[in-house]
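**Student:** Below you will find the structure I want to go over with you.
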Amino acid sequence: MTATTDGSAGAVGPRAAAASDTTDRTDSEEAALEASAARAAELSVRHLLGRQDAEGWWKGDLETNVTMDAEDLLLRQFLGILDPETTRAAALFIRGEQREDGTWATFYGGPGELSVTIEAYVALRLAGDLPDAPHMARAAAWIRERGGIAAARVFTRIWLALFGWWRWEDLPELPPELIYLPSWFPLNIYDFGCWARQTIVPLTVVSAKRPVRPAPFALDELHTDPDRPNPAKRLPSAASWDGFFQRVDKGLHLYRKLAPRRLRKSAMDVAARWIIERQENDGCWGGIQPPAVYSVIALHLLGYDLDHPVMRAGLESLDRFAVWREDGARMIEACQSPVWDTCLATIALADAGVRPDDPALVKAADWMLGEEIVRTGDWAVRRPGLPPGGWAFEFHNDNYPDIDDTAEVILALRRVNHPDQARVDAAIARAARWTVGMQSKNGAWAAFDADNTSAFPNRLPFCDFGEVIDPPSADVTAHVVEMLAYEGKAGHPRARRGIEWLLAEQEPGGAWFGRWGVNYVYGTGSVVPALTAAGLAVGHPAIRRAVAWLESVQNEDGGWGEDLRSYSERQWVGHGTSTASQTAWALIALLAAGERGSEAVRRGVAWVVATQREDGSWDEPYFTGTGFPWDFSINYHLYRQVFPLTALGRYVNGEPVLRGPGRA
């Protein structure tokens, strides 16, 4: 453009030139960012491929808190099998997790937690640490300041009762006769989430037996009043649910004295059969460490010796939860996540441009197909007649496939060009049918069961250890909707109900609550791609509100982060130190919402690229996974690899390409 001959537009030329320079510079910066993102993705692909097991799976460490390690030592002490090397290695890990103030937390950077600190302290006493050692004295003082053992959660006091450090009479009663209550009866065992159900059934036996093994030392230093460790507390009003169940517990204590012996013995025998029937082929229970621990104790109390095949397999399975570190420390995983990690890694690699027929992806698909669950489990109590299908989270867990894994495995398999496509299609058909059949009455999906929403279990005095039911959640529902959309079923009535539920669940600010990941960033990062895959326009008001919310909580450094305290304190919602996984979740949502060229996406991608390590990985000490909101947090060590790669891949390559029926 040039100025007019009379000079009236003389100023236009320089301004236009400046605008052109800015456009050129912006295009150049965009091209440079795309190139750096592509290089980062390539480096990440190499890193992730290098971590694949020869059998085709991936598994990162699943880090929780030191109660896993402390309870493992207490179990071994109770059974008389605690050995010096295990004790030394566990104590090394527990000491390394202690904070400056003497406490232990439930997540990295979190506040000290009373029950965790008590259990860690007792474990270190078992390891030989003396009460007057500085690190132990700090912990004991902090415990006393917060009410001592009497203020700890029920589960902690159960462990202490096993050694006489707490009175069984001062614990809530959990009768084994609970096993007889039919599934239609309020507060039967199937009203509990599967993880709680597998824990509570063996604990009914422990509660009935009330064992006490000789304590190797006293714990007077942890009581605020050693002569009266359980001060009487005023009961809540009988008109409240809490007051009602507190009084029910008092009645159950009385029933214990009157319960017919034959009925009690029969109930414990039924509980034992229930436990043994649910033992997995690898000896574990549901692939989860806590139910395995309590099942071993319960069966031991019922007369199963340590050489019994059930007990031997159970104890061997517990050793597989141990992660040995280079410094000789031993960390216990609460469970293991190979199916989850493998499907997420497959998605990340495919979206980053790895060929769909690449041997690594085919091998991963083969392994996932081999993990398909084809037998009926406890989920059938609520969905009788529904044919089985789907996948679980762990290596061995045929009783409890989960809906979240199943949806993501289908999405992963659809990215692979498998030589036996008929086998893939058949597995996906079974899994999709099962998933649709597991929809809850409100139109949404939970993780393991349908309509597991009773308000009663959480009211029990016994259940103060976290979430004990499995209600539908936005993140799981979103993954199912996304899967159904890519299966060509976005218009299916079940999918439409799921979409309607998601739209109704959006928070006023534009975000969605994250049940299984931290927290609103995870929920929003899950829902937006699902809604757009299902056909919602990027201009839909719900999508625009979500975009505005994500942009409003972006950190100054360009990343996103959300602290676990957002589950209990509103000021933390959307706020926290930037992490690789949470930044990726935000980017995945923004890209799905058509925001690829936005400043928020450019800044987010730049943060991901800048924080990548030389080996193609990312570091992430913060916990971004959720077991129970606030009460039990998880650091999935593979999240920091798979989600940034997925985000980079979609930034560079656009929307994922799936094989199969495609979108509706």
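**Student:** In a shell of Cβ-Cβ distance under 12 Å around ALA606, excluding ALA606 itself, what net charge do Lys and Arg (+1) and Asp and Glu (-1) give?
**Tutor:** Values: positive: ARG602, ARG603; negative: GLU29, GLU30, GLU34, ASP557, GLU599.
Net charge around ALA606: -3.
**Student:** Next question, about the same structure. With charges only on Cβ, +1 for K and R and -1 for D and E, what is the dipole size of region 271-413 about its Cα centre, in debye, rounded to 20?
**Tutor:** With Lys and Arg at +1 and Asp and Glu at -1, about 420 debye.
**Student:** Roughly what % of Cα-Cα distances in region 119-173 sit above 13 Å, to the whole percent?
**Tutor:** 61
**Student:** Using a 7 Å offset from the Cα along the Cα-to-Cβ direction at both THR224 and GLU145, what is the distance between the two label points in nm, to one decimal?
**Tutor:** Inter-label distance under the simple model: 1.4 nm.
**Student:** Separate question: I need the per residue convex hull volume for region 263-335, using only the alpha carbons, in cubic angstrom as a whole number.
**Tutor:** Output value, Cα hull per residue: 86 Å³.
**Student:** List the residues of region 88-123 whose backbone N lies under 17 Å from a point placed 7 Å from the Cα of ALA133 along the Cα-to-Cβ direction.
**Tutor:** Residues 88-104, 117-123 fall inside that zone.
**Student:** Gap in Å between the Cα centre of region 371-437 and the Cα centre of region 117-182?
**Tutor:** Rounded to whole Å, the Cα centres lie 40 Å apart.
**Student:** How much of the pair distance distribution for region 568-621 lies past 19 Å, counting alpha-carbon pairs only, in percent?
**Tutor:** So the pairs more than 19 Å apart make up 36 percent of the total in region 568-621.
**Student:** Would you mind ranking ILE634, ILE179 by Cβ crowding within 10 Å, fewest neighbours first?
**Tutor:** Going from least to most buried by this count: ILE179, ILE634.
**Student:** For the chain, what's the relative contact order in percent, using C-alpha pairs closer than 8 Å and at least 6 residues apart?
**Tutor:** Relative CO of the chain lands at 16 percent.
**Student:** Give me the orientation-averaged projected area of the Cα convex hull of region 529-655, in nm², one decimal.
**Tutor:** Details: hull surface 32.1 nm².
Reported value for the Cα convex hull: 8.0 nm².
**Student:** I want the local charge near ALA450. Using Cβ-Cβ distances under 15 Å, sum +1 for each Lys or Arg and -1 for each Asp or Glu among the other residues.
**Tutor:** Every neighbour counted, the sum reads 0.
**Student:** So what's the angle, to the nearest 10 degrees on a 0 to 90 scale, between helix 134-145 and the longest Cα principal axis of the chain?
**Tutor:** Rounded to the nearest ten degrees, it is 80.
**Student:** Hey, another quick one. May I ask which residue of THR577, THR376, PRO182 lies farthest towards the positive end of the charge dipole of the chain, with charges of +1 (Lys, Arg) and -1 (Asp, Glu) on Cβ and the Cα centre as origin?
**Tutor:** Of THR577, THR376, PRO182, it is PRO182.
**Student:** Here is a follow-up. In what order do TRP142, TRP512 fall by count of nearby beta-carbon atoms within 10 Å, going from fewest to most?
**Tutor:** Ordered from fewest to most neighbouring Cβ atoms within 10 Å, TRP142, TRP512 come out as TRP142, TRP512.
**Student:** Still on this structure, please answer the following. If R0 is 25 Å, what FRET efficiency do you get for ARG273 and ASP464 from their C-beta distance, rounded to 0.05?
**Tutor:** Between ARG273 and ASP464 the formula returns 0.30.
**Student:** Loop-only trypsin sites (Lys or Arg not before Pro) in region 404-493, please: DSSP not H, G, I, E or B, and at most 13 other Cβ atoms within 10 Å.
**Tutor:** Loop-located and lightly packed - LYS441.
**Student:** Additional query: Across the chain, how many lysine pairs separated by 8 or more positions, or lying on different chains, have Cα atoms within less than 28 Å?
**Tutor:** Qualifying lysine pairs in the chain: 11.
**Student:** Describe numerically, in nm with one decimal, the distance between label points set 7 Å from Cα along Cα→Cβ at ALA215 and at ASP170.
**Tutor:** Going from the ALA215 label point to the ASP170 one covers 1.0 nm.
**Student:** Ok, one more. With r as the distance between the Cβ atoms of ASP420 and ASP619 and R0 = 41 Å, compute the FRET efficiency 1/(1 + (r/R0)^6) and round to 0.05.
**Tutor:** 0.55
**Student:** Helix-only mean residue ellipticity at 222 nm, the chain, DSSP H runs n ≥ 4 weighted -39,500 (n - 2.57), per residue, nearest 500. What is it?
**Tutor:** Result for the chain: -15500 deg cm²/dmol, rounded to the nearest 500.
**Student:** Let me ask another. Determine the equivalent ellipsoid of region 371-464 by diagonalising the alpha-carbon gyration tensor, then write out the semi-axes as square roots of 5 times the eigenvalues, largest first, rounded to whole Å.
**Tutor:** 28, 13, 12
**Student:** Another question, then. So for SER266, SER28, SER207, fewest C-beta neighbours within 10 Å to most, what's the order?
**Tutor:** Values: SER266 15, SER28 10, SER207 23.
Exposure proxy ranking, most exposed first: SER28, SER266, SER207.
**Student:** Expressed in nm to one decimal, what extension gain is obtained for the pair GLN571 and LEU181 from 0.36 nm per residue of sequence separation less their Cα-Cα distance?
**Tutor:** 136.1 nm
**Student:** As an exercise, find the ratio Rg/Rh for the chain from alpha-carbon atoms, using the Kirkwood inverse-distance average for Rh.
**Tutor:** Details: Rg = 26.9 Å, Rh = 26.6 Å.
Rg/Rh: 1.01.
**Student:** Using a 7 Å offset from the Cα along the Cα-to-Cβ direction at both GLU500 and ASP305, what is the distance between the two label points in nm, to one decimal?
**Tutor:** 6.2
**Student:** Right, another one. Considering region 450-570, what Rg and Dmax in Å follow from its alpha-carbon atoms?
**Tutor:** 15.8, 48
Bear in mind these aren't lab numbers, they're just calculated from the coordinates by the rules spelled out. These figures come from a predicted structure and were not determined experimentally. Cβ: placed from backbone, ideal geometry, glycine included. Neighbour counts: every protein chain shown.
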